[in-house]
1. Got a number for residues in region 109-130 being touching a Phe, Trp or Tyr at 6+ places or on another chain (Cβ under 9 Å) and within 23 Å of S266 (Cα to Cα)?
2. Every residue in region 305-352 that is open to solvent by 40 Å² or more (accessible area, probe 1.4 Å), part of a loop (DSSP other than H, G, I, E, B), farther than 26 Å from N277 by Cβ and not basic (K, R), please.
3. Suppose we filter region 52-69 for residues that are hydrophobic (A, V, I, L, M, F, W, C) and either assigned to a strand (DSSP E or B) or open to solvent by 10 Å² or more (accessible area, probe 1.4 Å) (or both); how many remain?
4. What do you reckon, is V168 over 21 Å from Y238 (Cα atoms), in contact (Cβ under 8 Å) with a residue 12 or more places away in the chain, in contact with a helix residue (DSSP H, G or I) (Cβ under 9 Å, 6 or more places away or on another chain) and not polar (S, T, N, Q)?
5. Is it the case, given these coordinates, that S48 is open to solvent by less than 10 Å² (accessible area, probe 1.4 Å) and modelled with pLDDT under 95?
6. So in region 260-304, with the set limited to residues that are of a type in the set (S, T, Y) and either open to solvent by 20 Å² or more (accessible area, probe 1.4 Å) or part of a helix (DSSP H, G or I) (or both), which one is nearest to H161 (Cα to Cα)?
7. Please specify each residue of region 131-161 satisfying the condition of being within 20 Å of D180 (Cβ to Cβ), among the small types (G, A, S) and open to solvent by 10 Å² or more (accessible area, probe 1.4 Å).
8. Among the listed residues T75, T92, which satisfies the condition of being surrounded by 18 or more Cβ atoms within 10 Å (Cβ to Cβ), more than 17 Å from the chain's Cα centre (by Cα) and closer than 21 Å to Y34 by Cα?
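The values are calculated or read from the model by the stated rules, or taken from the named source; none is laboratory data. Being a predicted model, the structure only gives us computed values, none of them experimental. FYI the Cβ positions are ideal-geometry reconstructions off the backbone, even for glycines, and counts take in every protein chain you see. Ligands, DNA and RNA are stripped out before the accessible areas are found, and what is left, the full protein with its side chains, is counted by its heavy atoms. Shrake-Rupley method; radii C 1.70, N 1.55, O 1.52, S 1.80 Å.
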Amino acid sequence: MAASSSLLFTLLLVLLTFSDSSVQTLGLEVGINYGQIANKLPSPARVSYLLRSLNISRVKLYDADPNVLLAFANTNVEFIIGLGNEYLQNMTDPIKAQNWIQQRVQPYLTRTKITCITVGNEVYKTYDHQLWSNLLPAMQTVYNTLVNLGLDKQVTVTTAHSLDILSVSFPPSAGAFRQDLGEYLHGILNFHAQVKSPFLINAYPYFAYKDKPNEVPLNYVLFQPNQGTMDPNTNLKYDNMLFAQIDAVYSAIKAMGHTDIEVRISETGWPSRGDENEVGATPENAGLYNGNLLRRIEEKQGTPAKPNVPIDIYVFALFNENQKPGPTSERNYGLFYPDGTPVYNIGVQGYLPELIYSSATTNNGFSICSLLVLAIAYLISS
């Protein structure tokens, strides 16, 4: 047992030293969406090591998975955790909101850096008017619960919207929200202004290109060299669609009386595969979109209307998720396959610890493989 433990410790030291020195020099100044609608994903402990080998320090979840939060303990990785749309009605009840926070958030805060809770996701895309009505009260109740527990300085509250809450997106200076959402968004914007939380948008220029490939220039949506477009009202030039979409959201917010709310992109990405009618879904285009986007983030670029505010973006997504419903593209937004190999080249390389199998067992009946996995998980979380 002593010999096995010594060998194991030596192997781990070599592994960690090699990975830290050769991989962590490649950092990503970007957040990542960590979805788990799949049956072949690596364990959260291995994912923790992969993300830290990439120097990714911001992760967005769609739930509050305790296995993930524990695996990232003491890593200084910031987490946005999610309350799904199915929780909205319950979250309007202060007692249920407090129970959820005390069970799913508070126990992890001492070791895992949870900074934000998204209450619902793309609620206005559902056309469920009960959900629409519950969204703001749920956000307010969750926030008030955080205040009552003394956690509001650590954790903020927001929600993520799809871009189709806009009725006008071009020119960006004319950006406007849909009229049928006016009464709802007015209250939500007041909430953001009050608690100083960001307005989150899921923006995918890919959809615009897929729907109108003969009208939307591919280079314009891929951040490739192109003639760009001019906003006739401001004379600002846009050389990519994503920045135009961001500024359209800022304009829509301003039209409702607010200039003090920050817009962040909670999802954006490009699929590497798609069905026959999903034009442009290729590894080449996905690599160009995400690779060029990462370069702009690294350069701390702002949009034409907000040049001094660096774009804040969470890329969708970390892994391909083979159990997501819908068209083929929905299962192929990942930067990585579940085994940790890149789906395409965007100029960065991470390290996903291997599972080392062995038939050798210790006196306690554990395989060397089991000990290695447990030791890696322990080192990551301690």
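1. The first filter runs over region 109-130 and keeps only residues touching a Phe, Trp or Tyr at 6+ places or on another chain (Cβ under 9 Å), leaving 111-121, 123-124, 126.
From what is left, the residues that are within 23 Å of S266 (Cα to Cα) are 112-121, 123-124, 126.
Looking only at that region, the number is 13.
2. Taking region 305-352 and keeping what is open to solvent by 40 Å² or more (accessible area, probe 1.4 Å), we get 305-310, 322-323, 325-327, 330-331, 337, 339, 341-342, 345, 347, 349, 351.
If we keep only those that are part of a loop (DSSP other than H, G, I, E, B) as well, we get 305-310, 322-323, 325-327, 337, 339, 341, 345, 347, 349, 351.
Filter again for farther than 26 Å from N277 by Cβ, leaving 305-310, 339, 341, 345, 347, 349, 351.
A305, P307, N308, V309, P310, D339, T341, N345, G347, Q349, Y351 - these are the residues of region 305-352 that are open to solvent by 40 Å² or more (accessible area, probe 1.4 Å), part of a loop (DSSP other than H, G, I, E, B), farther than 26 Å from N277 by Cβ and not basic (K, R).
3. The initial filter retains those residues of region 52-69 that are hydrophobic (A, V, I, L, M, F, W, C), namely 54, 56, 59, 61, 64, 68-69.
When the remaining residues are screened for being either assigned to a strand (DSSP E or B) or open to solvent by 10 Å² or more (accessible area, probe 1.4 Å) (or both), the result is 59.
Result for region 52-69: 1.
4. Working: over 21 Å from Y238 (Cα atoms): no; in contact (Cβ under 8 Å) with a residue 12 or more places away in the chain: yes; in contact with a helix residue (DSSP H, G or I) (Cβ under 9 Å, 6 or more places away or on another chain): yes; not polar (S, T, N, Q): yes.
So V168 does not fit the description; no.
5. Details: open to solvent by less than 10 Å² (accessible area, probe 1.4 Å): yes; modelled with pLDDT under 95: no.
In short, no.
6. Here is the first cut: in region 260-304, the ones of a type in the set (S, T, Y) are 266, 268, 272, 282, 289, 303.
Checking which are either open to solvent by 20 Å² or more (accessible area, probe 1.4 Å) or part of a helix (DSSP H, G or I) (or both) leaves us with 282, 289.
Values: T282: 26, Y289: 21 Å.
The residue in question is Y289.
7. Once the filter is applied, which keeps residues that are within 20 Å of D180 (Cβ to Cβ), among the small types (G, A, S) and open to solvent by 10 Å² or more (accessible area, probe 1.4 Å), region 131-161 yields only S133.
8. Details: T92 fails: closer than 21 Å to Y34 by Cα.
Of T75, T92, the one residue that is surrounded by 18 or more Cβ atoms within 10 Å (Cβ to Cβ), more than 17 Å from the chain's Cα centre (by Cα) and closer than 21 Å to Y34 by Cα is T75.
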